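I have placed the structure first, in the form of structure tokens, so that the comments after it can refer back to it.
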Amino acid sequence: MKRVITYGTFDLLHYGHINLLRRAKECGDYLIVALSTDEFNSLKGKKSYFDFQKRKMLLESIRYVDLVIEERSWEQKREDIKLYQVDTLVMGDDWIGKFDDLKDIVEVKYVSRTPEVSTTKIKSELKEEIKI
């Protein structure tokens, strides 16, 4: 069984997220999603609309996702890969090169994002609509 892992916040779940998860699942048989905790998001300067438990529930309902785990730090990727016997790390191409240091233990793939949609863009457009 080929195991794949990806990481993210997955706030305001949209079709760009689904595209990423579908493409990640196509890289193997079992997809693990490491979901950023609210505390980790805070350390990154991010604030999610939905809390961790709600985002986790949403991800668990997606057919491509086999397991959701907590992402608590940048450094945990290496230990997750070993613990869950991961074969492939999949990330969006906005992260190109950022995880190349893991290539000694795992295949690293960067997949293209869905360019016309992002959570940041959705939040920005909603703010603008409210101002009008």
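The values are calculated or read from the model by the stated rules, or taken from the named source; none is laboratory data. Bear in mind that the values here come from a model prediction, so they are computed numbers and not experimental data. All Cβ positions, even for glycine, are placed from backbone atoms using ideal geometry, and neighbour counts span all protein chains on display. Remember, those area values only see protein heavy atoms, side chains included, never the ligands or the DNA or RNA. Shrake-Rupley method; radii C 1.70, N 1.55, O 1.52, S 1.80 Å.
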Picked from the range 45-69 (must be outside any loop (DSSP other than H, G, I, E, B) and touching a Ser or Thr at 6+ places or on another chain (Cβ under 8 Å)), the residue least open to solvent (accessible area, probe 1.4 Å) is ARG55
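Among the residues of the range 70-90, count how many are open to solvent by less than 50 Å² (accessible area, probe 1.4 Å), in contact with a strand residue (DSSP E or B) (Cβ under 9 Å, 6 or more places away or on another chain) and polar (S, T, N, Q).
The number of residues fulfilling the criteria is 2.
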Could you list, in sequence order, the residues of the range 84-110 that are in contact with a Phe, Trp or Tyr (Cβ under 7 Å, 6 or more places away or on another chain) and in a helix (DSSP H, G or I)?
-> ASP93, TRP95
